[in-house]
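Data first, discussion second: the structure below is written as structure tokens.
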Amino acid sequence: SRSCASRMWLSLPRETRFHTSASMTWTLVSRRGLEMKKRDGIIVRVTLVSVQKPQRHFRRGPPNLQIRAPKGDSQERRQDQAQRRAEVVGEAGWGAEAQRDGLRWRGAGTKPEQGPRHPLKKAEFSSWPFQQQALRIRAHRASQNARQKAVVDAFLHAWAGYRKFAWGHDELKPLTRSFSEWFGLGLTLIDALDTMWILGLKKEFQEARKWVSKKLRFRKDVDVNLFESTIRILGGLLSAFHLSGDVLFLKKAEDFGNRLMPAFRTPSKIPYSIVNIGTGVAHPPRWTSDSTVSEVTSIQLEFRELSRLTGDKTFQEAAEEVTRHVHGLHGKLDGLVPMFINTDRGSFTRLGVFTLGAGADSYYEYLLKQWIQGGKKERQLLEDYLEAVNGIRKHLLARSEPRKLTFVGELNHGRFSARMDHLVCFLPGTLALGAHHGLPAEHMKLAQALMDTCYQMYRQMETGLSPEIAHFNLHRTKAVKDVQVKAADRHNLLRPETVESLFYLHRLTGDRKYQDWGWEILRSFNTYTRVPSGGYSSISNVQDPRHPQPRDKMESFFLGETLKYLYLLFSDDPDLLSLDTYVFNTEAHPLPIWAPS
Ligand code: DMJ
């Protein structure tokens, strides 16, 4: 009954058909173990499957949706299954070289396979090419050049602050020598695991690994942001697993992935932004039922890889359903997407605004990277990516004065704005990566032009550090600089996008000027953001070298991304995390390409 406010107990014959309207709220109160099947939200078949304990109910939760909390027992069962699976994996691939703390300091053996459909089997865990990668990392450690050593020094300084003042917490507050919590899951520590591995920081890695083993628990009543926790935690754990071969990280990744799944239980299957990993209650932010397009379309690399490793297809299916859905939506402009999508209706909202910055950025990045991850077979991803690059060219590119820097602006209901987020500086790297994988050479040309611009966003500031948002001068007047900054935008959060693109551009062109630019940027970070007692801090004013105004926060991505990309940029070895073997997620965590070229 529509008016049935809370619960109704029914005695049901073994199979019962319900006819209901799509808007009706169903709460499956399963005293007797019922399996519910819905088709188009209209016909519901309920089948008695087994006898279970009564479900718990949760007061919070979105309207019009039933979301069950993960039951303790089934949750545990899943964990046990994960554990067993991981043990099989563990026995298979890494030999008996276990070292102290159970850590195997050698390459993980996941031979990429043709597709994501099957779990990796025992026999498939051969050590090629990942063992070669581990050997290369080890060899590299022995021959680090001076610039790489400077990155290692920066990392150790950042890590020392985190270790002393924020150990096991999300982020370091380096000035007050304390910490801040976002999810309460040791975010910086997890984000930094694979960086430590790559930089050869064995002792630090082992200590962090011990914390993951002994202290990291996901069974806690905490809301996490689906996108942020996927790219940082799930991505970080999967990469740590691939590089180290330590099954602990895979087990943790599977547990965490399972706890994120309630986010997808929405009327449209477009996930909510927020999910409670303890109760399994998911919901949108308080002020809206929208998610941003970038957050729902930038979790696919991680969910697909998790399915490939575990054999549990539900992760991949949920994530790919979103990709398919967004593919068919109205409201795009020549492949460009709006910034918001409604989780009830599944349609784009707040139409007519197009940016490559916050709200949309990694949508474009993940179209290309999923195509690469899957062995360049999924045509729809490629087509959407190519169409979007044309859309960027057609609607968003402009050149500044006086240096004629090519930049990516924004379109607001037909009006062009010469504003570019620092976030957009991921684009040169992505375009170059596409060109490397066979896409048009003009993508590389555009990548190089945009790379110059992103570098100038640093170069033209008094501290040598980019503002969060740049405004480009379009007039041939006496403006001194191409890059203008508004007072509200002159902060720097230690973001990675420019050094990320420098890494790709150097790796793929061999031009050493990109290394030199990265070196300048590292020096500026050291001059203006390094805190003597440990750690680095974001700053409020990149235009005032005397008072850059440290903000007392070190973002986890500084260790997860910025320093990792700088280290890789300064390497001249194209096989150190080869771009033909790995694809980096949007938080710089390398994941294997399933069928590498
Ligand atoms: C990171 O979490 C990721 O790079 C994401 O794609 C964008 N925001 C930060 C870094 O700026």
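For every residue, the table says whether it meets (1) under 20 Å from residue 373 (Cβ atoms); (2) in contact with a His (Cβ under 9 Å, 6 or more places away or on another chain).
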{"residue": "267", "(1), (2)": "no, no"}
{"residue": "273", "(1), (2)": "no, yes"}
{"residue": "284", "(1), (2)": "no, no"}
{"residue": "314", "(1), (2)": "yes, no"}
| Scanning segment 282-302 for residues that are at pLDDT 95 or above and away from the ligand (no atom under 16 Å from the Cβ), which turns out nearest to residue 366 (Cα to Cα)? | 290
| said: Can you tell me which residue is nearest to the ligand (Cβ to nearest atom) among those in segment 211-221 that are under 24 Å from residue 592 (Cβ atoms) and part of a helix (DSSP H, G or I)? | reply: 212
| field | Output for segment 498-543, where each listed residue is touching a Cys at 6+ places or on another chain (Cβ under 7 Å) and among the small types (Gly, Ala, Ser) | value | 501
| message | Cβ contacts < 7 Å: first residue surrounded by fewer than 18 Cβ atoms within 10 Å (Cβ to Cβ), restricted to segment 316-331; second residue at pLDDT 95 or above and assigned to a helix (DSSP H, G or I), any location; separation 6+ or different chain. Result? | response | 327/380; 327/384
| task | Could you check, for segment 517-528, whether at least one of its residues is more than 19 Å from residue 431 (Cα to Cα), within 16 Å of the ligand (Cβ to nearest atom) and acidic (Asp, Glu)? | result | no
| Only one of 420, 444 is under 30 Å from residue 574 (Cα atoms) and either surrounded by fewer than 23 Cβ atoms within 10 Å (Cβ to Cβ) or touching a residue at least 60 places away in the same chain (Cβ under 8 Å) (or both); which? | 444
| Number of positions in segment 161-210 that are outside any strand (DSSP E or B) and under 20 Å from the mean Cα position of the chain (by Cα) | 20
| note | Flagged in segment 469-504 as in contact with a helix residue (DSSP H, G or I) (Cβ under 7 Å, 6 or more places away or on another chain) and closer than 30 Å to residue 578 by Cα, in numbering order, are 494, 495, 496, 497, 498, 499, 500, 501, 502, 503, 504
| request: Identify the residue in segment 466-485 that is of a type in the set (S, T, N, Q) and more than 16 Å from the ligand (Cβ to nearest atom) and, among all such residues, is farthest from residue 553 (Cα to Cα). | output: 477
| Just one of 177, 232, 163 is within 28 Å of residue 550 (Cβ to Cβ), modelled with pLDDT of 95 or more and within 16 Å of the ligand (Cβ to nearest atom); which is it? | 232
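Yes or no, residue by residue, for (1) over 18 Å from residue 442 (Cβ atoms); (2) touching a residue at least 40 places away in the same chain (Cβ under 8 Å); (3) in contact with a Phe, Trp or Tyr (Cβ under 7 Å, 6 or more places away or on another chain); (4) loosely packed, with under 15 Cβ neighbours inside 10 Å:
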site	(1), (2), (3), (4)
362	yes, yes, no, no
383	no, no, no, yes
391	no, yes, no, no
398	no, yes, yes, no
402	yes, yes, no, yes
424	yes, yes, no, no
429	no, yes, yes, no
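Please give the helices (runs of 4 or more DSSP H) falling wholly within segment 488-597 in which 2 or more residues are more than 24 Å from residue 375 (Cα to Cα), touching a residue at least 12 places away in the same chain (Cβ under 8 Å) and touching a strand residue (DSSP E or B) at 6+ places or on another chain (Cβ under 7 Å).
Details: elements: 497-509, 513-528, 563-569.
Answer list for segment 488-597: 513-528.
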| Does residue 498 satisfy the criteria of being on the phi < 0 side of the Ramachandran plot, more than 27 Å from the chain's Cα centre (by Cα) and surrounded by 22 or more Cβ atoms within 10 Å (Cβ to Cβ)? | no
| remark: Filtering segment 395-422 down to residues that are assigned to a helix (DSSP H, G or I) and of a type in the set (A, V, I, L, M) yields none
| remark: The residue that is farthest from residue 365 (Cα to Cα), considering only those in segment 399-446 that are among the polar types (S, T, N, Q) and more than 16 Å from the ligand (Cβ to nearest atom), is 400
| remark: Scanning segment 486-510 for residues that are in contact with a Leu (Cβ under 7 Å, 6 or more places away or on another chain) and more than 15 Å from the ligand (Cβ to nearest atom) gives 506, 507
| note | The condition from (1) modelled with pLDDT of 95 or more; (2) outside any strand (DSSP E or B) that residue 470 misses is numbered (2)
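The values are calculated or read from the model by the stated rules, or taken from the named source; none is laboratory data. In this text the structure is predicted, and so the values were computed from the model without any measurement. Counting neighbours? That spans all protein chains shown, and the Cβs are built from the backbone with ideal geometry, glycine included.
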